[in-house]
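Data first, discussion second: the structure below is written as structure tokens.
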Amino acid sequence: MASHYNTEEALRMVMDPESEDSSLSSAEDSGDDAEISTGEETEESGSDSRGADSSEIESGDMEEAPAGWIGKNGLTWNPTNAETLRYVPAAIGNTGPTHYATARICDPLSSFLLFVTDEIMLHIVSKTNLQGRRTIANWKDVDSDELRAYVGLLILAGVYRSKHESTLSLWNEKSGRMVFRATMSEKRFHHISRALRFDDKLSRPRRRCDKLAPIRHIWDMWTHRLEMMFCPGREICVDEQLVPFRGRCGFRQYMPKKPGKYGLKIWAACDVDTAYAWRVQLYTGKAAGERPEVNQGMRVVLELTEGLQGHAVTCDNFFTSIPLSEELLKRKMTLVGTIRKNKPELPPQLLQTRGREVFSSVFAFRMTHTAVSYVPRHGKNVLLLSTKHRTPSVSDDAKRKPQIIMDYNKSKGGVDRLDQAVCAYSCRRRTRRWPLALFHHMIDVSLYNGFVLWTAVDPAWKQSKSHRRRLYIEEVGEALVKPHMARRERLPRPSLTAELVRHAQYAAASDPSAAPSAAPRAKARRQCDLCSIKRRRVVTTCCKCGNEVCKDHTLTICSNCST
């Protein structure tokens with residue numbers, strides 16, 4: 001309803017706040033939603049009232065002040081959802097493994113090699129050999145099979161929960177495991193670890209502006225493969241990871257709430273149902289001489305969800321904001337997340353907790369947004385923002401949680417589940433070089449993503465086992481070391497280890513379908529027939545008489561003299 005005033009009366013009404021018919025109201029002391037009595041307004045009417053200029057005042061037409069809740073920046077909210085628009089989710093395409101991935105997966109090893117590809121391996125081989133020739137005396141070049149065996153040993157060490165165990169202990173004949181001694185010597189493993197590189201150090205001055213120069217090439221190839229193999233479901237979780245590392249690094253972060261406290265921070269977007277790491281981004285800090293980044297959380301979410309449509313993004317209060325939710329709506333995506341109390345868009349009615357009952361909720365609505373304030377205990381206020389929910393729905397149990405909070409709790413743990421799974425069988429080894437720590441993390445994530453793909457392609461695989469993922473990782477590690485084990489020219493000294501190598505060589509040389517079920521038995525040790533005082537136990541026999549002889553009673557002759 002419009003009233004007509006002359007110009008002086010209109011100006012006096014604008015300048016004198018006591019003369020206005022203010023319709024703002026706050027919640028009663030009881031905190032009950034039913035006792036909140038305010039008028040209703042649309043988003044358009046709120047914007048029109050804030051956008052009135054002097055030309056409208058001079059014309060003598062001025063509307064009454066709109067009823068509603070107003071934030072510090074002037075954004076208007078309604079206490080009811082009478083003017084909200086109905087949420088209709090956009091359609092999404094196929095979910096799960098892509099056709100490219102399913103066509104190339106035939107066993108657990110093939111699902112892992114979709115991420116750690118031959119191209120990545122060949123690049124690491126070339127840079128490792130380059131570093132080995134420069135720094136290690138009598139360096140023997142590594143090839144792709146040996147590098148895969150090295151990665152396989154890292155994986156097996158993670159399966160056996162030996163990531164912090166020394167290599168001497170892993171190769172020990174009494175306390176170690178045979179597979180390490182059968183694959184390569186401890187000295188060779190140590191040399192590969194020393195020389196392992198992902199770029200040419202002498203070419204870094206040309207790439208001085210890139211903080212990821214030591215590992216940029218394989219990092220870009222690997223992150224591209226993540227989103228290439230899987231289509232995420234409707235629910236997406238965006239959160240941060242921490243790769244534990246305490247060495248020297250220009251962008252090392254301190255995160256006291258993480259178990260490792262210090263390390264490399266990674267932004268990750270994961271599928272909520274499977275915790276598949278769909279897209280990751282390493283945080284390298286701000287550039288030298290530049291100011292801290294503004295709206296970093298918004299930038300991260302938009303980059304990690306680029307190309308998606310119809311998905312619901314869940315994130316915590318570091319990322320959630322009104323501008324982010326509006327930008328995601330333009331991309332046909334919704335946002336559900338906790339929001340900080342200092343956001344200027346929030347009305348003061350949501351921030352007030354004095355006198356409110358425990359388990360009470362206060363809702364505020366716009367046409368496409370819903371904000372809720374929930375009190376789980378006295379003095380605690382939980383604020384959430386959603387563009388997916390448009391009604392003030394609460395649960396029927398004693399805690400009366402809003403539906404927004406229940407949906408947030410279901411989806412917020414996507415990245416945390418990935419961290420928990422990766423940490424259980426991590427292949428991390430102690431190192432002072434951050435590129436190597438990041439490479440170990442890449443292997444861990446590749447193993448988890450490969451397990452998700454493999455179980456999606458073959459759901460019946462080891463279905464009755466409660467530790468399917470451990471069996472998958474162990475099978476991948478053994479498949480990586482067997483080709484190099486079969487190529488060994490010299491057998492290791494321990495008889496059981498030598499027997500394991502001979503079995504791998506026999507399986508590689510013969511038809512797999514005709515391979516025996518048990519490994520061939522090694523020849524038993526016997527006492528030397530020529531030792532009179534102290535008989536040594538040996539396996540060497542004389543080619544003429546057939547007696548068991550030790551090395552002290554063995555004579556070496558050439559083939560010409562033997563005839």
Margin query: For a quick check: with amide H placed at 1.01 Å from N, whose amide H comes under 5 Å from residue 77's, ignoring anything fewer than 5 positions away on the same chain?
Written below: 69, 70, 71
Next item on the list: Could you give the spread of the C-alpha atoms of the range 187-315 along their three principal axes, from largest to smallest, in whole angstroms?
Entry: 49, 40, 32
Note to self: Could you put 380, 265 in order of accessible surface area, largest first, with the 1.4 Å probe and the full protein assembly present?
What the structure shows: 380, 265
Next item on the list: Work out how far the C-alpha atoms of the range 365-448 reach from end to end along every principal axis, then list the three figures in whole Å, largest first.
Entry: 51, 30, 22
Checklist line | Simple Cβ-charge dipole of the range 144-205, Lys/Arg +1 and Asp/Glu -1, about Cα centre, in debye nearest 20 | finding: 140 debye
Next item on the list: Just flag the GluC sites (Glu not before Pro) in the range 156-231 sitting in loop per DSSP whose Cβ has no more than 16 other Cβ atoms within 10 Å.
Entry: 165, 173
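Dipole of the range 214-346, Cα-centred, from +1 at each Lys and Arg C-beta and -1 at each Asp and Glu C-beta, to the nearest 20 debye?
It comes to approximately 600 debye.
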Note to self: Relative to 2.2 N^0.38 Å, what does the C-alpha radius of gyration of the range 337-487 come to as a ratio? Two decimals please.
What the structure shows: 1.57
Checklist line | Dipole magnitude of the range 303-394, debye to nearest 20 (Cβ charges: Lys/Arg +1, Asp/Glu -1, about Cα centre) | finding: 320 debye
Margin query: For the range 365-438 and the range 199-252, what is the centre-to-centre distance using only Cα atoms, to the nearest Å?
Written below: 25 Å
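Mind pulling up the Rg/Rh value for the range 413-499? Radius of gyration and Kirkwood radius, both on Cα. Each step should come with its number before you reach the end.
Working: Rg = 16.4 Å, Rh = 15.4 Å.
Rg/Rh: 1.06.
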Next item on the list: Choose one of 113, 193, 154: the residue whose Cα lies farthest towards the positive end of the charge dipole of the range 109-207 (beta-carbon charges +1 Lys, Arg; -1 Asp, Glu; about the Cα centre).
Entry: 193
Checklist line | Values of log10 I(q)/I(0), in the order q = 0.10, 0.13, 0.20, 0.22 Å⁻¹, for the range 122-224 under a Debye, Cα-only, solvent-free model | finding: -0.34, -0.56, -1.07, -1.17
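Sort 254, 100, 506 by heavy-atom solvent-accessible area, probe 1.4 angstrom, most to least. Write out the running numbers ahead of the final one.
Details: 254 130, 100 75, 506 105 Å².
Final ranking, largest accessible area leading: 254, 506, 100.
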Note to self: If you average the alpha carbon positions of the range 460-484 and of the range 119-187, how far apart do those two centres end up, in angstrom?
What the structure shows: 20 Å
Notebook entry, point to check: Which far-off residues, 5 or more places away or on another chain, put their amide H under 5 Å from the one on residue 527, with H placed in the peptide plane?
Noted result: 538
Notebook entry, point to check: Pairs 174/201; 265/341; 380/412; 257/399; 201/258: which are spaced more than 30 Å apart, C-alpha to C-alpha?
Noted result: 174/201; 201/258
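At 0.36 nm per residue, minus the direct Cα-Cα distance, what do residue 553 and residue 296 gain on full extension? Give it in nm, one decimal, please.
84.9 nm
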Next item on the list: Tell me which residues come under 5 Å, amide H to amide H, from residue 231 once H is placed; ignore anything under 5 positions away on its chain.
Entry: 96, 98
Checklist line | Bins of 10 Å, starting at 0 and running to the largest distance - Cα pair percent for the range 324-379 | finding: 20, 48, 24, 7, 0
Next item on the list: Tabulate in residue order the Karplus-calculated ³J(HN,Hα) for the range 154-161, using 6.51 cos²θ - 1.76 cosθ + 1.60 with θ = phi - 60°, rounded to whole Hz; enter x for Gly and Pro.
Entry: 4, 5, 5, 4, x, 5, 7, 6
Check: Using θ = phi - 60° and the Karplus curve 6.51 cos²θ - 1.76 cosθ + 1.60, what whole-Hz ³J(HN,Hα) does each residue of the range 431-445 get, with Gly and Pro shown as x?
Finding: 8, 9, 10, 5, x, 5, 4, 5, 5, 4, 5, 4, 5, 4, 5
Item checked: Tail weight of P(r) past 22 Å, computed on alpha-carbon pairs of the range 278-370, percent -> 40 percent
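The values are calculated or read from the model by the stated rules, or taken from the named source; none is laboratory data. Just so we're clear, the structure is a prediction, and the values are computed from it rather than from any experiment. All Cβ positions, glycine included, derive from the backbone under ideal geometry; neighbour counts span all protein chains shown. SASA here: full protein model, heavy atoms, side chains in, ligands and nucleic acids out. Shrake-Rupley method; radii C 1.70, N 1.55, O 1.52, S 1.80 Å.
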